[in-house]
Amino acid sequence: MKYVLMFAGSVEDQEAWEKLPKDQLAAAYEHVNKWFDEHSKAGRIVGGAELKGPSSSTTVRIKNGKAIVTDGPFIEAKEIIGGFAIVDVKDLDEALALAKTWPGGGIVEVRPVVDHSND
Amino acid sequence: MLGDFELAEEVVQDSLVAALQKWPEQGIPDKPGAWLMTAARRRAIDILRRDKRYREKLALLERSVLAPEPAEADDRLRLIFTCCHPALSPEAQVALTLRAVVGFTTPEIASAFLVAEATVAQRIVRAKRKIVEAGIPYRVPEGDELAGRLDGVLSVLYLMFNEGYLSRGAEVAMRRDLADDALWLTGLVGTLMPDQPEVLGLLALMKLNLARSAARFDAAGEIVLLPDQDRGLWDHASIADAIALLDRAGAMKSTGPYQVQAAIAALHSEARSWQETDWHQIVLLYDALVRMADSPVVRLNRAVALGQFAGPQMALGEVNDLAIALGGYHLFHSTRAELLDQLGERALAREARQRALELCQNPAERSLLERKLRS
């Protein structure tokens, strides 16, 4: 079964992350990269990306065929999504076990991906 | 995916219905265990007990509850762990466990928790849908995962028990005895997982509480608090059983919050009177409990015990510190009222008791508060 792990954290977490000194940031990235590499090689992670901060976000709203473009994320939230991984595992327990090992801290939401292969 | 769980649940329901239809006509099969999973069996036992013709077969049925076949035992545990998966809401875990493992009907669950049938039905439908859509596995967790997941199962069982136990004597006659069902189910988990001391601890705790049942209400149905209970009415055989369970758990040398709570209950059960209770030991056990599972309610109970040898002034200080955390909890206010009474602060005591009454839902507890307010 495929799941998306959404890595989230508070706005403050995000700011603190951006302000980390270079060497600490590099060390933190190394942990995250190692986690991605290891699980990708094992076939559990099949995709994913890190997202830039919400200040870089642009929202497009489509209504009655018209698209309106505005600055910022679509929802003002205390938590923001910083990245995601698409995983392919046996069941929810395996997805949760993987989420628990996420080295980036913060919050991980686990959502199953809709499977259209049998449609 | 869904197959396993729904199948198991259907087996519980269908086998029960089938058994109740066929057995009276065709007699009980040689291996009733193969017929009935889990407490569907328990319900069958209840029904059969009323019928003398089945007494012999009944013994067989009860034995098979105690010694399930290995494959069947696995199936039941899988069902329990799936129902109590943390990815389901706590309400859904309880409802699903009662439905799938104990064999309650939707109206029975609704009346047990005083919620609308439609709410329960929706909870169950949603939970089953989530099991399928989110891919919640039908299995017993292993290794490092087991301890945490077992805690989840035990908290569902304890919640079920408390819901039944605390509301006993309430004016809901059709309410099924949740406390007995929770005790039975915990016993089942204990049989299936004999190496888990916390399961035995919870079982002992439930038994110790139930052993006081006969003394908890007077002839008029009014609640009687622990200090005033007639200890001769307690079920001393059951207390001895519970203490033996606790000793067995203790021998496994891995203590936990249920064992500690049971140890506290055991000290109360062994005391000849409220005054002769080993309060010092009880405070030490509460200290251990605070270290394992700190909560404002645990601290409130600790303060009450402390007051027994350190005096009401000291206890009141500790209780007052919990005002922010427990301001909405009726027992916080009624505890303050008791301590204020002891200190001769009648007016403040009355105020606190009034607040407790505003917050209290349980009819028997309300009646007690009203009586004290009148006196």
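Throughout, read-outs are computed from the coordinates displayed, never taken from laboratory work. Values in this document were obtained by computation on a predicted structure and should not be read as measured data. Quick reminder, even Gly has a Cβ in these numbers, built from the backbone with ideal geometry, and neighbours come from all protein chains shown.
Data for the structure
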read-out	value
Within 10 Å of each Cβ in B:86-94, the average number of Cβ atoms from other chains	1
Other-chain or far-sequence residues with amide H under 5 Å of A:Gly82's (modelled H)	A:Phe7, A:Ala8, A:Gly9
Among A:Leu5, A:Val60, A:Ala27 the positive-end extreme of the charge dipole of region A:2-112 (Cβ point charges)	A:Val60
Calculated FRET efficiency for the pair A:Arg61/B:Thr105, C-beta based, R₀ 60 Å, to 0.05	0.80
Partner chain coverage, peptide A:89-98 - average Cβ within 10 angstrom	4
Under-5 Å amide H pairs with B:Phe217, H placed in peptide plane, nonlocal only	B:Val224
Shielding by other protein chains, B:131-142, mean Cβ within 10 Å	4
Karplus-derived 3J(HN,Hα), 6.51/-1.76/1.60, for each residue of region B:235-244, Hz, glycine and proline x	7, 6, 5, 5, 4, 4, 4, 5, 5, 5
Mean separation of Cα contacts under 8 Å (6+ apart) over length of chain A, as relative contact order %	50 percent
Trypsin sites (Lys or Arg not before Pro) restricted to DSSP loop in region A:48-104 with at most 16 other C-beta within 10 Å	A:Lys52, A:Lys78, A:Lys90
Two-site FRET efficiency, B:Arg366 against B:Ala219, from Cβ-Cβ distance with R₀ of 22 Å, rounded to 0.05	0.70
Nearest-0.05 FRET efficiency for A:Ala49 and B:Met252, computed from C-beta distance (R0 41 Å)	0.30
Gap separating the Cα centres of region B:99-153 and region B:197-275, nearest whole Å	29 Å
Residue-by-residue Karplus 3J(HN,Hα) for region A:38-54, coefficients 6.51, -1.76, 1.60, Hz, glycine and proline x	4, 6, 5, 4, 7, x, 7, 9, 10, x, x, 6, 9, 9, 6, x, x
